[in-house]
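The values are calculated or read from the model by the stated rules, or taken from the named source; none is laboratory data. Please read all numbers here as calculations on a predicted model, not as lab measurements. Glycine gets a Cβ as well: all are built from the backbone with ideal geometry, and neighbour counts include every protein chain shown.
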Amino acid sequence: MVSNSLISVILPTYNRGDFISRSVRSIQNQTYPHWELIVVDDGSEDNTDKIINEFIRKDSRISYIKLTKNVGASRARNKGIELSKGDYITFIDSDDEYLSEKIKSQLELFLADKTHQIGLVTCGRQDFRADRLYNVWVPAIKSNVLSNLFKGKQIGAGTPFLMVSRKVIESGVRFDININVVEDFDFVVQTLVNGFNLDFVNKPLVNVFHDAQERNFNYEQGFSAREYLYKKYKDYFIRNKTERKSFLLKSCFFYVEMNNRNKDSNIIRDVKKEWPMAWFTFLIMRTIPKGRLRNAFIKLHKLVIK
């Protein structure tokens, strides 16, 4: 591959000084050399600035901006996009790392695109916990991607796996600052709604590192974000009833794990009205204590509504 395309890598971070060097070195180890790394420090109070400035002293391709207060990952990534100069943009989290061929492999797909309609290229992942590999996943869906997304299918929508064309950014796509979870899902949806296509590299190109004990997911925030997306893409759901049903019913699995009842939810209202038997099973799930029995019941129900 011969290309002088500039790739902008955006790294938002907050108090991750213990891990960020690994992420930065993985960018420096890329086989494709024409990149810029923009570190957006979201108001860290640790030694992140000293660590990054030491990298900058040795590598002019790296830049650093520190925000005056913590504003969240979506705003931090949008700031990085604003500062970027690349023909293509990719993202990395401050505790993950790219495999050395990540940028090159994704760029090759963009350059080979004869339709000029590919806006996103994603890839597979390797998951580590306590430095032990426990999961490898690669994408398998490149047709009817928007429909499959709303049906809950995995396509590799997480920000560390994505490379996005500058054309997508010029079309107005940004991370939605109104949600602080599933914002990467929404970023992909925006891109597809704007008429761009998605492709993928069928191999893992990112190592994702998890804590020894997985952090608890905030189901209240997750449900609220899905409620927001239900309103945001109302017109799409009106036209696509199967995707709407799948999205609503799968949103209720978040409800099952929530501590509050969220009585004013439009999602709950519509599920109660249109699929009362499904709603009844969700109510039963809530009465079962967390553990193997509830997990088995949830897995069974997911198979039924798949």
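Before moving on, here are some points about what is shown:
- Subset of segment 162-211 (residues that are of a type in the set (Gly, Ala, Ser), touching a residue at least 60 places away in the same chain (Cβ under 8 Å) and more than 14 Å from Leu146 (Cβ to Cβ)): Ser165
- In segment 229-260, of all residues being part of a loop (DSSP other than H, G, I, E, B) and of a type outside the set (S, T, N, Q), the one that is nearest to Ala296 (Cα to Cα) corresponds to Met258.
- Being over 30 Å from Ser23 (Cα atoms) and surrounded by 11 or more Cβ atoms within 10 Å (Cβ to Cβ) is not true of Arg239.
- Filtered by the rule that a residue be aliphatic (A, V, I, L, M) and within 17 Å of Ser251 (Cα to Cα), segment 282-306 gives Leu283, Ile284, Met285, Ile298, Leu300, Leu303, Val304, Ile305.
- Listed by position, the helices (runs of 4 or more DSSP H) inside segment 1-116 whose residues that are touching a residue at least 12 places away in the same chain (Cβ under 8 Å) and closer than 20 Å to Arg166 by Cα number at least 1 are 20-28, 73-83, 102-112.
- Members of segment 261-289 that are charged (D, E, K, R) and in a helix (DSSP H, G or I): Arg269, Asp270, Lys272, Lys273, Glu274, Arg286
- Looking across segment 136-175, the residues that are within 15 Å of the chain's Cα centre (by Cα) and either small (Gly, Ala, Ser) or not assigned by TED's automatic domain parsing to the domain that holds Lys85 (or both) come down to Gly152, Gly156, Ala157, Gly158.
- Within segment 217-228, restricting attention to residues that are part of a helix (DSSP H, G or I) and of a type in the set (A, V, I, L, M, F, W, C), the residue that is nearest to Ala278 (Cα to Cα) is Phe223.
- Members of segment 124-142 that are touching a residue at least 60 places away in the same chain (Cβ under 8 Å) and closer than 12 Å to Ala157 by Cα: Gly124, Arg125, Val138, Pro139
- Members of segment 266-293 that are over 29 Å from the mean Cα position of the chain (by Cα), surrounded by 12 or more Cβ atoms within 10 Å (Cβ to Cβ) and basic (Lys, Arg): Lys272
Yes/no matrix, rows are residues, columns are (1) of a type in the set (Gly, Ala, Ser); (2) under 19 Å from Asn29 (Cβ atoms):
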residue: Ala73; (1), (2): yes, no
residue: Lys79; (1), (2): no, no
residue: Phe91; (1), (2): no, yes
residue: Ser105; (1), (2): yes, yes
residue: His116; (1), (2): no, no
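- Among the residues of segment 55-70, those identified as farther than 13 Å from Leu11 by Cα and either polar (S, T, N, Q) or exposed (fewer than 12 other Cβ atoms within 10 Å of the Cβ) (or both) are Arg57, Lys58, Ser60, Thr68, Lys69, Asn70.
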